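Peer 1: Quick one: this structure, given as structure tokens, is what I'll be asking you about.
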Amino acid sequence: MDGGKVTLGRTAGLYLGAAVLRLALFTLFPGLADLLTGRVEISTPVTSFKRLQEGLFLYDHNVSPYDGGVYHQAPLFLPLFSLLPSLPIFTYLLYIAVDILSAGALLKIADSGEAGSSALFTSPRREKRWSGFVIAAVFLFNPFTIATCIGRSTSVFTTCAILHAISRAVAGAPFSAMVALSFAAYLSMYPLLLLPPLLLLCYDRQLPERAIKPGMRSAATNILVVVGVLAALFQMSYLMTGSWEFLPSTYGVQLTLSDLTPNIGLWWYFFIEMFDSFRSFFLAVFWLHLSCYVGGLTIRLRRQPLVVLTLLLGIFSIFKPYPSISDASLFLAMVPLYRHVFPLMRYTFVIAAVIMYTTFLGPAFYHLWIYAGSGNANFFYAITLVWGLGQSLLVCDLTFAVLRDEWEVERPEMAGKDIRQI
């Protein structure tokens, strides 16, 4: 009982400290929020708070928010933010609350032990892990997470929905997991690619009294839940806007990359230079490349679906059309779950150095291009390539460590021995 009270008190203190830090940054530095809102590392055409304000202005004046060609976000954001009082403090508190909810879901994922011991695989190193408190603290005090919150990017809502989907799946509640994933897909579309490994995680973690067998029946039931919730959300959006124009304005923009605003991703510069006659072909190639990882990872790492979800989040943060540091913060929040395989990783120093290098030089190169006029788009795109390289190294190194851990279970006599490619 006393231990539970101490743990609860520590967790409450962690949430309070994170909330106070964010509120202090909002209030003591009033210009910081607007500064970060305009940064391309934080805001993208599909997550920008400034664009949300534009859409909200049109919505409040009974004009379609999509008429201006600026607003590319989900329609249900509009009634949510229009209900908030006009004082900025209420918006700040909403974003702080969403961050804390995300941390709470992450804490539950960590404390479940799923990362080290799943239904079909148990790592011999599973005891070497960090507590949910530590992992939640890493997420809440990650500079990327804090900057995203202060910049008021709407990607924090997607992050919260994804973490709650995984948390509910781990807890053996597939229905609420599918509902949370549906909200994430409604807000950002790409989380729908997480459905296959999430279905496997739900099946592996289902409670005995609620078990649905065989597996295909369980998967079909969960898929119907996702389809039903998305249909309900789309119908609500239609009733609110009076037309279906939100579909091409919200999801069509991501599929066709019609807004080429610079960001930290790999798509924008490539398609600026692309001839129109080749554009459709390469759009298909880029989307196929993004989605092809889902099947391969899900099949190869069937015994560890949480690993698949983590690796896919890392891949999405590199290769999705409009990435931001919010996507990187979500991936980096999931990586500490695999503390037990850290000794098997080979390039931790290089990865940390590259990510820190690009974190500091990225804004400098953007400034040289846009404001100083002493550089060009190649400056900024080059540093985004290095940023993508750092995340790619982390995804590959974590994949190697997880596979090596599995291999040593299958062949115990090879534990601790070096592997050399011949």
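The values are calculated or read from the model by the stated rules, or taken from the named source; none is laboratory data. Since the structure is predicted, the reported quantities are computational estimates derived from the model, not experimental observations. As a convention, Cβ positions derive from the backbone with ideal geometry for all residues, glycine included, and neighbour counts pool all protein chains shown. Heavy atoms of the whole protein, side chains included, go into the accessibility calculation; ligands, DNA and RNA do not. Shrake-Rupley method; radii C 1.70, N 1.55, O 1.52, S 1.80 Å.
Peer 1: Pairs under 6 Å by beta carbon, first residue among the basic types (Lys, Arg) in the stretch 49-66, partner in a helix (DSSP H, G or I), six or more apart or different chains?
Peer 2: Filtered contacts from the stretch 49-66: Lys50/Thr37.
Peer 1: So the check is Cβ under 6 Å with 6+ separation or different chains; which pairs have a first residue in the stretch 134-158 that's closer than 10 Å to Asp99 by Cα and modelled with pLDDT of 95 or more and a second one that's open to solvent by less than 20 Å² (accessible area, probe 1.4 Å) and basic (Lys, Arg)?
Peer 2: These pairs meet every condition: Cys149/Arg22.
Peer 1: Tell me yes or no: at least one residue of the stretch 245-255 is over 30 Å from Phe365 (Cα atoms), at pLDDT below 95 and not in a helix (DSSP H, G or I).
Peer 2: Scanning the stretch 245-255 turns up at least one residue that is over 30 Å from Phe365 (Cα atoms), at pLDDT below 95 and not in a helix (DSSP H, G or I).
Peer 1: If you don't mind, another one. Do any helices (runs of 4 or more DSSP H) entirely within the stretch 1-118 hold 1 or more residues that are open to solvent by 30 Å² or more (accessible area, probe 1.4 Å) and basic (Lys, Arg), and if so, which?
Peer 2: Correct list: 2-28, 49-60, 88-112.
Peer 1: Kindly provide the set of residues from the stretch 361-386 that are open to solvent by 20 Å² or more (accessible area, probe 1.4 Å) and either within 18 Å of Gly314 (Cβ to Cβ) or of a type in the set (Asp, Glu) (or both), ordered by number.
Peer 2: Of everything in the stretch 361-386, those that are open to solvent by 20 Å² or more (accessible area, probe 1.4 Å) and either within 18 Å of Gly314 (Cβ to Cβ) or of a type in the set (Asp, Glu) (or both) turn out to be Leu385, Val386.
Peer 1: Taking the conditions exactly as written (closer than 17 Å to Ser392 by Cβ, within 15 Å of the chain's Cα centre (by Cα) and surrounded by 21 or more Cβ atoms within 10 Å (Cβ to Cβ)), does Leu311 satisfy them or not?
Peer 2: For Leu311, the condition - closer than 17 Å to Ser392 by Cβ, within 15 Å of the chain's Cα centre (by Cα) and surrounded by 21 or more Cβ atoms within 10 Å (Cβ to Cβ) - is met.
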